[in-house]
1. A:Thr254 to A:Leu71: FRET efficiency via 1/(1 + (r/R0)^6), r the Cβ-Cβ distance, R0 41 Å, to the nearest 0.05?
2. Mean-square fluctuation check for chain A, GNM, Cα pairs under 10 Å: which of A:Gln286, A:Gln14, A:Gln187 is largest?
3. Non-local amide H neighbours of B:Ile158 (under 5 Å, H modeled in plane, Pro and chain starts lacking H): which ones?
4. In nm, to one decimal, how far is the B:Ala94 label point from the A:His17 one, both placed 7 Å along Cα→Cβ?
5. With no solvent and one point per C-alpha, what does the Debye sum give as log10 I(q)/I(0) for chain B at q = 0.11 Å⁻¹?
6. May I ask which residue of B:Thr34, B:Val56, B:Ser172 lies farthest towards the positive end of the charge dipole of chain B, with charges of +1 (Lys, Arg) and -1 (Asp, Glu) on Cβ and the Cα centre as origin?
7. Answer with one residue from A:Ala239, A:Leu193, A:Leu10: the one whose Cα lies farthest towards the positive end of the charge dipole of chain A, charges on Cβ with Lys, Arg +1 and Asp, Glu -1.
8. Tell me, Kirkwood radius of the protein assembly as shown from alpha-carbon pair distances, in Å?
Amino acid sequence: MEGNNKKPLLLVGQSPHVISPDNTRSLMLDVLIAMAPAFVAGIYFFGLRVLLMTAFSVASCMAFEYLYQYLMKKDITVGDLSSAVTGVLMVFVLPASVPFWMVLVGDFFAIVVVKQLFGGLGRNFMNPALAGRAFLAGWATLLNTYPADATNPNYVPLPLIKNIPLVNGQPDIVTSATPLASMKAGQLPEESLLDMGLGLESGCVGEVSAFLLILGGLYLLLRKVITIRIPLGYLGTVAILTLLFPPAGINGFTWMLASLLSGGLMLGAFFMATDYSTSPVTPGAQWVYAIGCGLLTFVIRYFGAYNEGVCYSILIMNSTVWLLDKYIRPHRFGSSKKVKAEAEAIMANIRRKNAGGDAK
Amino acid sequence: MKQSYKKIFMDGLLHQNPVLVQLLGVCSILAVTTSLENALGMSLAVTIVLTLSNMVISLLRKIIPNEVRIVSYIVVIAGFVTVVDLLMQAFLPALANSLGIFIPLIVVNCIILARAEAFASKNGILASAVDGLGMGLGYSFVIAFVGLVREILGNGTILGFEIFGGFYQPCSMFIMPAGAFIVLGCTIALYQAIHLRMEAGKEGKK
C-alpha cells in the first residue's frame, strides 16, 4: 500500500496539463497579507477600536456567508477567505467612529445581497465592500464624520465598545476635516505631502497611509495576484488630469501629488478596482476600465457633491465590466488584420501563379 | 372563451398581477412610494382611472376604428385622469401636491393602456370593469406594500407616526431612488418564491 500516496509521474488526461498551485484561498491570503501594513497603521492612528471593529466585521462576514450557504443548502465556501477580505475591506472604507451595527449592516448588504444573491464568489457584479459602503450612505451623518487621528493635538481615544452616535444625533467625538474637504474648496490641505503619504491625516480606517498601501500593492504585483494595468491606468489618469487642471494659483505638480495621496485613491486603485470578479478579463478592457475609474474619480472630485469619488467611480465601472469584456476582445492568434492581409496576398499570388500555369 | 368574473378578478389581483408578474407601471411605483400616504393616494387614482377607462373603452370597442385605437384609448384615459386630478386638487390638495406630476402621468401608465388594448377592447363592459378593478387592486397592494416598507425603513414611521420610539435610526437610503429598486426587487423575488412554492404544492397534490 505504500505507493498510494505518491504523486503519479505521468498524468494522463485532458488538458490543461499545467496546473497552478494557486487557489482562491492562497490568493485571498496574499491580499490579506498585503493589507496588513495599512491595517496596522489604522490601529496606530485610530486606536484599538479598529482592531475590534475588524475582528467583528470579519467574523460577521464569514458568519453571513456560512449562514446563507447553510440555509440555501449550497456548498459551504467560507474557507476560501474571500469573505474575510470583504470583512477587512469593509472596515477599511469606514471611519473608525461608526457604530458596530453599521458595520454589521454593511457586511450583510455586501455578503448576502451583493455577493450571495447574485450567485456567490465570482458572480457578484459589484465590489461587495464598496457596495456595502454605498448602502451605508443612508446614514450620511455617521458615515461622513471622521474622528481625529492619534497625531492630531485634539485626539481623544475612541471608546472601545460603546456605540458613539446617539440616536439621530451627531456623534459625540472629536472630529477632524479630511484633506479632501479642503481640496474640494480648491485649496491645498493643511497636511504636508509627506504627512499625507504616511497617513497623518483624518479619513477612513484603511485609506490614510498611502505609502503603506503602495507597499501592499507592490507585494500583490510581485506575487502576481494583480497586474499593473488597472492601478497604473487608474492612478495615471487621475495624475494626468490633476496635473493639467489644478485650481487657480496652485502648482500643478503639488496638486497632483496631493490628489494622489489623499482619500481612498490608493486603496481603491490597488485593492478595490483590481477585484477579479468585478474587473474585466482582457488587457484592453482592463485599460479602458481603469481609465474610466480615473476619469469618474476626477469628475466627482471636481464637480460632484461628494468630496471623494473613488467608491462611486469604481462601482459605476464595475457595472460596465460585462460590456467591456464583450466588446473589447483580444485578437485570436493569427487573426489580426495584418496577418489576414498577408495571408490573403500570399493566396492571391498562388492563385495568380496557378492561373498562369493553366494558360500555358 | 368566457371567463368567470372571479377568475378575471383573481388574475388581476394575483396570478397576472400587473406589477409582480407583468412588470408594468413600475415607473410610478418607484417614484411615488417614498411614503405610505403617497402610495395610497396613487393607488386610489390608478384604480379609479383603470376601472372607468376599461368600462368606457369596452363600451366603445365596436365604434373605435382599429387604425386609431391607441389614440382613442389615450383620449378616454386622459379624460378620466383630468377628472381625478381636478378632484384631488380640490379635495386633497396636500396629497395632490406631493404626488405632483405623477397624477397627470397616469395617462401614460402602461398598465392602463395594456388593459385597454389586451382586455377592454375585446370583452364586455362588466368583465372589463371587473378586470380593471382586479388589476387596480393588484397594483394597489404592491404599491402600498413597497410604500410601507420604504417608509418604515427610510423614515421610521407609518403614515407619519413614529413607531420605534427613537430607538431605530432611519436609513435614508430607502427613501432615495436606489431604495425603491431594492425594495421592489425584493418584493418581486418574494412573490415569485411564494408563487413557485404554491405551484409545486399543487403539482404534488396531483
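What follows is calculated from the coordinates using simple rules that are stated; it is not laboratory data. Since the structure is predicted, the reported quantities are computational estimates derived from the model, not experimental observations. All Cβ positions, even for glycine, are placed from backbone atoms using ideal geometry, and neighbour counts span all protein chains on display.
1. That gives a FRET efficiency of 0.15.
2. Judging by the Gaussian network model, the answer is A:Gln14.
3. Counting only residues 5 or more places away or on other chains, the set is B:Ile163.
4. Result for the modelled spin labels: 8.0 nm.
5. Once normalised to I(0) and log-transformed, intensities are -0.56.
6. B:Val56
7. Most positive-ward Cα: A:Leu10.
8. Details: mean 1/r = 0.0358 Å⁻¹.
The Cα-based Kirkwood calculation yields 27.9 Å.
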